[in-house]
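Enquirer: Structure incoming, see below.
Computed from the coordinates by the stated procedures, all read-outs in this text should not be read as laboratory data. All values derive from a computational prediction rather than experimental measurement. Using ideal geometry, Cβ is built from the backbone for each residue, glycine included, and neighbour counts are taken over all protein chains shown.
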Amino acid sequence: MSSDVMSGEGPLTDEVGQAGATLAEGEQSAPTVLPRTERPDAPAYLQRHKQRQAARAAQRPAEALAGGDDETPLYLRRFRERQTDGSGLGETVSFDGESLSTTRAWAEVTRTKEIVPERRDQMATVAADIYLVRHGETQGYSSESGLTPLGAWQAHRRGQEIARRVMPGMQVQMVCAPTNRARQTAEHLRRGLLDNVELYGRQGADISEVHDDRNFRNFEVATPDGPRDVTSAFRIYHREAEKYERIGLGERPGWLVEMDRFWGIQQGGGDPITHWLTMPMLYFEPPVSAVRRFWRGILELEKHTDARQIVVATHSGPIRAFATAVMGYDPGEPFNTEFVRIRLIDGGVTALVLYRNRVQEISIPDLTALPPSSDHRFDVSEEDGDE
């Protein structure tokens with residue numbers, strides 16, 4: 001750009017100045033009317049859609065519009081019926097025959113993919129709903145750590161989601177495994193329940209305090225100091241392994257070898273729970289033992305409490321073993337705060353187990369009729385079932 005143009009001088013500036021002078025000498029021209037850009041009318045595609053609807057309504061009577069003809073697909077006829085009678089997204093949602101005081105539009109946004117089969121033909125009622133919830137994200141597995149801030153948020157959010165199933169006057173029992181991460185998960189679950197129970201106006205809902213139950217503890221390993229949770233046993237394992245490496249005491253004991261394999265898979269980015277489920281280990285609690293005590297804990301809770309809903313914060317290994325025993329295949333590791341839901345049918349004979357879009361109806365096992373376990377190192381007596 002030349003210096004004349006930048007300084008405001010030159011032939012272009014002269015022409016503009018002459019045009020302005022001529023306009024000032026003559027009559028003032030009318031102000032320029034700019035075109036308006038806003039469009040109060042509907043878009044063209046919407047106008048055409050409304051025109052087609054009006055044309056169809058004029059061609060067919062209201063009865064045919066509501067019911068449709070034989071050639072109209074069923075889903076389209078049902079949609080037109082909901083449009084005609086004013087229901088649809090504005091109708092309220094009910095659960096177990098009771099209104100949830102919310103609309104279907106809200107339920108569609110917040111629903112889960114859980115499948116709940118209908119049992120109206122059998123006239124069965126649910127005696128208790130049990131949620132086996134995995135703990136939130138923890139700070140680590142090499143010590144008895146608590147939750148991270150993300151883990152606390154996960155548990156709180158899960159509690160808010162479970163609160164949608166709490167009806168006015170319903171009792172909710174809060175239980176956890178005797179570990180820090182499970183206990184903190186249960187506390188945040190309870191806070192989330194209390195928040196949304198008040199938000200939804202579920203008057204009279206009773207959310208109990210959290211208490212421990214050793215039936216729902218994590219699987220254990222037999223150490224020289226007695227059975228320990230696999231996380232709690234890490235310090236003992238690390239101390240003894242370092243001693244053998246430094247001093248060279250000879251052949252390592254079997255429990256140390258199995259712990260070394262287990263933690264080696266964990267540190268290598270593998271799945272140690274799959275190793276526990278599929279590989280026989282002499283010093284680890286077998287998966288069937290964890291499944292037995294989970295059933296024992298479920299039945300004892302249902303027997304000794306009037307709560308219709310029971311929320312248990314526990315660990316992924318026993319939850320996965322429980323789901324595998326029920327489903328007949330390994331459905332995979334539960335994510336943080338993901339749950340397996342057990343619905344005990346009134347009468348104490350059958351139960352519905354729901355996990356990852358799969359529902360399995362099973363007969364509740366008679367624990368007294370099962371063959372006794374040959375390994376009593378991991379047994380839980382009735383006296384120490386609750387703490």
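Enquirer: Can you give the FRET efficiency for Ile362 and Tyr141, using 1/(1 + (r/R0)^6), R0 = 30 Å, r = Cβ-Cβ distance, to the nearest 0.05?
Expert: 0.45
Enquirer: Based on the Cα coordinates of segment 146-186, what is the per residue volume of their convex hull in Å³?
Expert: 55 Å³
Enquirer: Now for a separate question. Can you work out the FRET efficiency for the pair Val257 and Gln203, with r the C-beta to C-beta distance and R0 = 56 Å, to the nearest 0.05?
Expert: Working: r = 58 Å, r/R0 = 1.03.
Once rounded, the FRET efficiency stands at 0.45.
Enquirer: Efficiency by 1/(1 + (r/R0)^6): what FRET value for Met279 and Thr125, r their Cβ-Cβ distance, R0 = 45 Å, to the nearest 0.05?
Expert: So, using R0 = 45 Å, E works out to roughly 0.60.
Enquirer: Continuing with the same structure: Using modelled amide H (1.01 Å from N, peptide plane; none on Pro or chain starts), what sits under 5 Å from the amide H of Ala127, excluding residues fewer than 5 places away?
Expert: Amide H neighbours of Ala127: Leu344, Ile345, Asp346.
Enquirer: Put a dot 7 Å past each Cα toward the Cβ at Leu76 and Asp195; how far apart are the dots in nm?
Expert: 4.5 nm
Enquirer: On a full-extension model of 0.36 nm per residue, what is the gain between His304 and His238, subtracting their alpha-carbon distance, rounded to one decimal in nm?
Expert: Contour length minus Cα-Cα distance gives 19.7 nm.
Enquirer: Turning to a different aspect of this structure: Provide the gained length on full extension for the span Arg56 to Leu34, in nm with one decimal, where the gain is 0.36 nm per separating residue minus the Cα-Cα distance.
Expert: Extra length from Arg56 to Leu34 when fully extended: 3.9 nm.
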